[in-house]
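Novice: My structure is below; once you've seen it, I'll send some questions.
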Amino acid sequence: MDRRPRAGLPAAVAQWIKFLSNAHTRRLDAEDFASFAPILSSKHPLPRALVAELLLRPTKGNQDLLDPRVPQYLEALLKLKLVDAPSVLRALYKFSTAHSKAHPAPAEANGAGNGNPRGHGSEQQQQQRSQKVLRWRSSYSSEEVIFWRLAKHISAVKAIKTGRDAVELLTVLAKWMTLFADAAAAYSRDVYRTMHSLRAKDEMENSRAAFNLLILGVFETETVLSVLGRQEAKELRKQLSDSLDIYVPSLMQAPSEIASRIEHFRSQTLASFDPTDKKDTAISEINRYMDNLIGLDSFQVPEIQLDNSRAGLYIYLNAALVGRPLVDDTALFTYMHNRYQGDLNTMAIQLILASFDVLANAVFRGEGAKKGHLLKSYLVNKVPLILRSLAASSTMYSFNAELCISQALGQVDTNVFPTLSGLFDMHNSGSGPSFQDSVRQDFCFACQLHGLLSPNATENLLGDITYQSLPDEGRYIKETLVEACLEDLDRTQKLIRELDEVNGNVGAAAQAITEVIRSLCRNKDTMTLKQVCSQLASKPVSLDILLLFEKPERVLHPLCEILDNWSGYDEDQGEYQPVYEEFGSILLLLLAFTYRYSFTLADLGIRSADSFMGKLLSRGQLCRPLEDLSEQEKSHMNGWIHGLFDSEAGGLGDELMASCPPQDFYLLMPTLFHHIVLALSTGYLTEEMLKGGLEYLVDVLLLPSLVPALSFLSNRLWADEPQGQRAIIKILQLILVPHSISNEASALLSSVLNIVAKPLEHALRSYQRQDPKSPEVEPLLRALKDNLPVSRRTGGADHSELEQWTATIIGPKEIGGLSAAVRQAVQGLIQWAQQSSLNGLIPTTTYCHQQTLVAIQMLGAKHVLWILLEELKAFTEAGNAPVAYDVVTAIVCAPDVKNDASTAAAATAVPDETGAFPAPLQRRLTLREALKAEADDWKKIQKSNEAMAETVVRLYRRVEAQMALPPPPAAILQPELGSLGGDELDEAAMTAAVATMVDSSVDAMTIDTTGLGSGVDLGDLGLNSGANSAVGGLDMSNDDIFGGLTGVTDFTTDFSSWDTMELG
């Protein structure tokens, strides 16, 4: 109990309110706050609970969210013992946003007097009081930070010293658990009509994750356990047990280890303090033991005839091609082998048909030629290779390639993929050509190139005499191409241009280009490598084609290695500008891959976060405070500032580049541009000087460095004050629309803008909303218009799509939101699959797999799984089980470009250079993992819904059967692309060895060996308020990096106060 004096409270409260208001207004540092607070407390003492309430309460002027400095002030008060953990939690609880979700006003008005089974006390009285309480509109983020700090405080200083401390803390924690459980239940009932509710749910889950660690720290404290074990604590134990009974089932999204530790405390530790509880626990354990004896395998489920519908493989391929290509040969062959049980003819027909359906889907969705080129190349260049592999295995299984191709093309929609005569009719009728018009002919000739069709069969299938012919060079052989490319750079450049072709030869070309890049990296031929990388970086769509035939690590890991271990400065040389050009061109290709597909360090095969590439990709867009720079880095900063902007310094010379390796230069770019923005916005850098300096950066020599620079500026544009934003717009005008630029530099600038277009557009749109009449933004957006369609391919959704899905309403009860959109998509797929089984010529149904990925990310895998299970159960009861099971099974089995288990496991299976194994990568629960968890709990589900238990187990068995991992036939290795050499065999052996080291539970949950990315495609903004606001300031009195520039009249202004500037 707080025994602080209570006399003169009104005057003391007024003084504290004034003090806290001044602290917020003046942005008082935490250290200064900590020095003033004891003085105020000695003159105007207040109880701890009141101090905490005054600090954490909303006001009429600010009800949106807590000031970012409040957690710092709170930590200072905790150290001074002016507040304690129970008082902070009570105040935080009182004003929490969760109340408005758990107990909304209409429910309060209608629900009074109904009683409260959860032990809340008099609900009517609570509701009447809550209506008078002013609460935060968005407090989850601040609660998350405060929970973390309280957990650290309790652990570090052993804050729970007495039994009274423990009782007070456990009492308020019990209230918090009930509140979180009610809020989580309310969110689960929400139809997700608005983006705001989706963000609020995610923020609450983050807050609850921090709260879980806090309660674990409290529950495992000796003092708390001692208090709970006392006889007089029976009521406290009951209150805590009731709250945990409500709270634990809501921990669906919590990491399993944390949830299991909380459950263990509830069912074991807490239950052990009462003899009756011990009996109940023993009985529960016996029941659980008996349930385990009756395992999942012994659950007899009535058999249902299953069907391999047209929709199944269509869903799988859509998922594999929605972002970066995940068409791994072994994974695809294994999946199809399990699905069709060795029936190669059906497998081939369904594969061809599904591949055409995927391309038709892109046509119906209006995705255009740039987005659809990957799908077209997959159909024409990849599918014939897979069919050739099937033909090579015909010694084990019967297979007739011509018959399969003929039957499949007979079901392809001629309205979308016309024959030659149909194509002439379309053109004669005035219809313009479409990118998919010639696909039928291209596919047939690619099959003929690989020996799957004879010339007569091709002519019969097309039904007309065609003027199209096979490639003059015949069928490419990878080894021959590699030899030619290593002897002649022009052949490599021609091969890169041929990646755009659809003639059946692109697979060998892509693999040959990869081998050339790897060879150039091994030989450190950076001059040739520069030209290859520059050409590839300028063609983002060609990167898709490379990854259609190669894994990212094979292409990119050698490039990472050569940049991390750059040896251009180890040798004496006369000029350093070529070194910068070569380094920049190689890095540009790496960044083009990384940003286009949202690659992680694990995807690139980077084992050390402290390597150059590790630093650049994880922190390369963040500014660093001057005090964090070494003396050498400060010297480099000073040199670049003077070289770029000092008219008397002589510009950029070899001396500057010789002293600053390119790795250091690229890591300094965000910090350099931070100070450029600061100097321009405060008048220390004139527009003429800015123009002269940026002309160096839009030249070939330094253009690739604009990738981290523009990434920083796009982030900064969101958070900066108006004066800084205007400075950023001026800089962007000179970069995006330069007054004079060479043709070579213009092409390189286009490659840079391809990389940063998406986040930069989002930032400019946000700035435009602040000032809609501003004429400055539209020219910049027009400059990015051609780059936006090729900027990203991550599998994420656009804002317009997300808004459309969340506004979906279906059914007489008007069930809506993202859940309804998922239901609608599943119903459409099942109905189409049923109709196509009766009529093979029915048009392809539209399907957007991004919707499923977004739903898993926003709603959680378990929520989406139950949507699928409910639809599956409904269609089963309606007599459509075979097709419904096939569709839902395909959705669960589909590869996830954003959340691949094998990539995460492989990233931790190999030690870094120190010999230590990396920490496991955190990733979201997949549909398959959620299904396994539900299947393991079949006994529990059966007690309440026997039909649903059967549905869960039957679906689980179907999924596991299709995802089983038998050794694939050796014939899957594409013979025309060459066999593995000695080094590659060693690499394959190493990969196999690594695979055996991966945890079997992870390995058994996936057969896809590629793919790991991130959330809704919002442009990869990478905003981090903590990192971006702590960038420090430009203190001209200490680190006057602009002080030596000529043409500036005054450099005496003190900017030291900018070190604590809040950027939002």
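The values are calculated or read from the model by the stated rules, or taken from the named source; none is laboratory data. Note that this is a predicted model, so its numbers are computed, not measured. With ideal geometry, Cβ positions are generated from the backbone for all residues, glycine too; neighbour counts draw on all protein chains shown. For accessibility, only protein heavy atoms count, side chains too; no ligands or nucleic acids. Shrake-Rupley method; radii C 1.70, N 1.55, O 1.52, S 1.80 Å.
Novice: Which of the residue pairs K539/K758; K758/K785; K371/K539; K691/K758; K18/K43 have a Cα-Cα distance greater than 20 Å in the structure shown? Display every interim value, and only then the final one.
Specialist: Values: K539/K758 17 Å; K758/K785 10 Å; K371/K539 13 Å; K691/K758 25 Å; K18/K43 14 Å.
The pairs that break the limit, which is 20 Å between Cα atoms, are K691/K758.
Novice: Can you give the FRET efficiency for S567 and T269, using 1/(1 + (r/R0)^6), R0 = 41 Å, r = Cβ-Cβ distance, to the nearest 0.05?
Specialist: Numbers: r = 59 Å, r/R0 = 1.44.
The calculated FRET efficiency here is 0.10.
Novice: So what J values fall out for region 158-169 if you push phi through Karplus, 6.51 cos²θ - 1.76 cosθ + 1.60 with θ = phi - 60°, rounded to Hz, Gly and Pro as x?
Specialist: Karplus values, whole Hz, x for Gly and Pro: 6, 5, 8, 9, 10, x, 5, 4, 5, 5, 4, 5.
Novice: Another question about this same structure. Count the net charge of all other residues whose Cβ sits under 13 Å from the Cβ of E303, scoring Lys and Arg as +1 and Asp and Glu as -1.
Specialist: Numbers: positive: R954, R957, R958; negative: E950.
Overall, the nearby charge balance is +2.
Novice: Show me the three semi-axes of the equivalent ellipsoid for region 302-355, from the C-alpha gyration tensor (sqrt of 5 times each eigenvalue), largest first, rounded to whole Å.
Specialist: Taking √(5λ) for each eigenvalue gives 20, 13, 11 Å, largest first.
Novice: Then there's this: Rule-of-thumb check for region 750-841: C-alpha Rg over 2.2 N^0.38 Å? Display every interim value, and only then the final one.
Specialist: Values: Rg = 19.6 Å, N = 92, 2.2 N^0.38 = 12.3 Å.
Here the Cα radius of gyration is 1.60 times the empirical estimate.
Novice: With the full set of protein chains in place, find how many percent of the accessible area of region 333-396 is carbon and sulfur; take the probe as 1.4 Å. Present the calculation step by step, with values, prior to reporting the outcome.
Specialist: Values: 820 of 1690 Å².
Summing carbon and sulfur atoms, their accessible area is 49 percent of the total for region 333-396.
Novice: Please report the equivalent ellipsoid semi-axes of region 618-723, computed as sqrt(5 x eigenvalue) of the Cα gyration tensor, largest first, in whole Å. Numbers along the way, then the final one.
Specialist: On the way: eigenvalues 79, 60, 37 Å².
Ellipsoid semi-axes (Å, largest first): 20, 17, 14.
Novice: How far apart, in nm, are the 7 Å Cα→Cβ label points at Q632 and N460?
Specialist: 7.3 nm
Novice: In addition: What order do you get for 672-681, 631-640 when each peptide is scored by the mean count of other beta carbon atoms within 10 Å, highest first? All intermediate terms of the calculation are to be shown ahead of the outcome.
Specialist: Details: 672-681: 22.8, 631-640: 16.2.
Ranked by mean Cβ neighbours within 10 Å, highest first: 672-681, 631-640.
Novice: Given region 678-772, report the % of alpha carbon pairs whose separation exceeds 21 Å. List each step's numbers first, then the result.
Specialist: Working: 1422 of 4465 pairs.
The answer is 32 percent, as a whole percent.
Novice: Another question about this same structure. Compute the signed sum of charges (Lys and Arg +1, Asp and Glu -1) over the other residues within less than 12 Å, Cβ to Cβ, of V822. Please report the intermediate quantities before stating the final value.
Specialist: On the way: positive: R823; negative: E870, E871.
Net charge in that neighbourhood comes out at -1.
Novice: Right, another one. Roughly how many nanometres apart are two label points built 7 Å out from the Cα toward the Cβ at S742 and T162?
Specialist: Spacing of the two 7 Å Cα→Cβ label points: 7.9 nm.
Novice: As an exercise, identify the GluC sites (Glu not before Pro) in region 806-878 lying in DSSP coil whose Cβ has no more than 15 other Cβ atoms within 10 Å. Could the numbers behind the result be given before it?
Specialist: Details: sites: E814, E870, E871, E877; in loops: E814.
Hits after loop and neighbour filter: E814.
Novice: Now a separate question. Taking the Cα-to-Cβ direction at I17 and at Q804 and moving 7 Å from each Cα, how far apart do the two end points lie in nm?
Specialist: 5.2 nm
Novice: Which GluC sites (Glu not before Pro) in region 455-556 sit in a loop by DSSP (not H, G, I, E or B) and have at most 12 other Cβ atoms within 10 Å of their own Cβ? It would help to have the intermediate numbers written out before the result.
Specialist: Numbers: sites: E459, E473, E479, E483, E487, E498, E501, E515, E550, E553; in loops: E473, E501, E550.
For GluC sites (Glu not before Pro) across region 455-556 that sit outside H, G, I, E and B with at most 12 neighbouring Cβ atoms in 10 Å, the list reads E473.
Novice: By the scheme Lys and Arg +1, Asp and Glu -1, what is the net charge of all other residues having a beta-carbon under 15 Å from that of R726?
Specialist: Details: positive: R716, K730, K773; negative: E687, D720, E721, D771, E776.
The answer is -2.
Novice: Can I ask one more? Over the alpha-carbon set of region 611-672, divide Rg by the Kirkwood Rh and report the Rg/Rh ratio to two decimals.
Specialist: So for region 611-672, dividing Rg by the Kirkwood Rh gives 0.98.
Novice: Translational diffusion coefficient of region 451-576 at 25 °C, 0.890 mPa s, Stokes-Einstein with Kirkwood Rh over Cα pairs, in µm²/s as a whole number. Write out the running numbers ahead of the final one.
Specialist: Working: Rh = 16.5 Å.
After rounding, the answer is 148 µm²/s.
Novice: Can you pick out the pairs among K862/K932; K862/K898; K175/K940 whose Cα atoms lie more than 19 Å from each other?
Specialist: Values: K862/K932 11 Å; K862/K898 17 Å; K175/K940 28 Å.
In this structure, K175/K940 exceed 19 Å between Cα atoms.
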